[in-house]
1. Got a sec? Which of L20, L44, L14 is touching a Phe, Trp or Tyr at 6+ places or on another chain (Cβ under 7 Å) and under 18 Å from V127 (Cβ atoms)?
2. If you go through segment 65-73 one residue at a time, do you hit one that is more than 19 Å from L125 (Cα to Cα) and touching a Leu at 6+ places or on another chain (Cβ under 7 Å)?
3. Report yes if some residue within segment 80-89 is under 26 Å from S2 (Cβ atoms), modelled with pLDDT under 95 and of a type in the set (D, E); otherwise report no.
4. Only one residue in R101, R70, R130 is over 22 Å from L25 (Cα atoms) and either open to solvent by less than 30 Å² (accessible area, probe 1.4 Å) or in a strand (DSSP E or B) (or both). Which one?
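The values are calculated or read from the model by the stated rules, or taken from the named source; none is laboratory data. Model, not experiment: these values are computed from the prediction. Don't worry about glycine lacking a Cβ; one is built from the backbone with ideal geometry, like all the others, and counts go over all protein chains shown. Just so you know, the surface numbers come from the protein's heavy atoms only, side chains and all, with ligands and any DNA or RNA stripped out. Shrake-Rupley method; radii C 1.70, N 1.55, O 1.52, S 1.80 Å.
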Amino acid sequence: MSTREEIADAIASLSLFADLSGPQLLGVASRFEEAFFPNDARVLRQGLTGSGFYVILEGEADVVADGVKRATLARGDYFGEVSILLGEPPIADVIATRALRCIVLGGPDVEPFLIDHPRVMYRMLQVQSRRLQRATQFAGRSDG
């Protein structure tokens with residue numbers, strides 16, 4: 001397991017946490033737990049309750065919905081937040097394709113964390129907006 005300082009160093013270069021100061025990064029490192037998943041491990045399961053907000057520090061994972069690969073996630077990407085924020089089961093499996101090292105925040109702790117870190121919430125909103133825009137464009141229309 002990494003120290004709080006090592007985790008803070010690892011997340012300092014991630015866009016999600018780019019607006020945070022050194023002390024804030026240390027605070028984030030204190031709130032999140034470190035987790036490891038071997039190749040082929042299912043981190044989230046489609047249709048089951050989401051358990052946390054995961055940020056990838058190392059490795060890769062595929063997002064698979066209804067047996068179809070939808071995306072590949074890597075360092076700096078995150079997942080699990082939509083399920084937690086909506087209080088609904090995940091709509092996809094997340095499967096490690098290269099051993100994953102993540103930091104994880106439990107579901108009940110996500111809302112207080114985001115309220116305490118509005119710049120992180122803003123960056124998450126930007127990513128969700130880009131995803132929605134791509135999905136809308138993919139469907140054949142763009143609502144700007």
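1. Within the list L20, L44, L14, the selection yields L44.
2. Within segment 65-73 (the criterion being more than 19 Å from L125 (Cα to Cα) and touching a Leu at 6+ places or on another chain (Cβ under 7 Å)), the answer is no, since none of the residues qualifies.
3. Yes, the conditions are met somewhere in segment 80-89.
4. Result: R70 is the single residue among R101, R70, R130 that is over 22 Å from L25 (Cα atoms) and either open to solvent by less than 30 Å² (accessible area, probe 1.4 Å) or in a strand (DSSP E or B) (or both).
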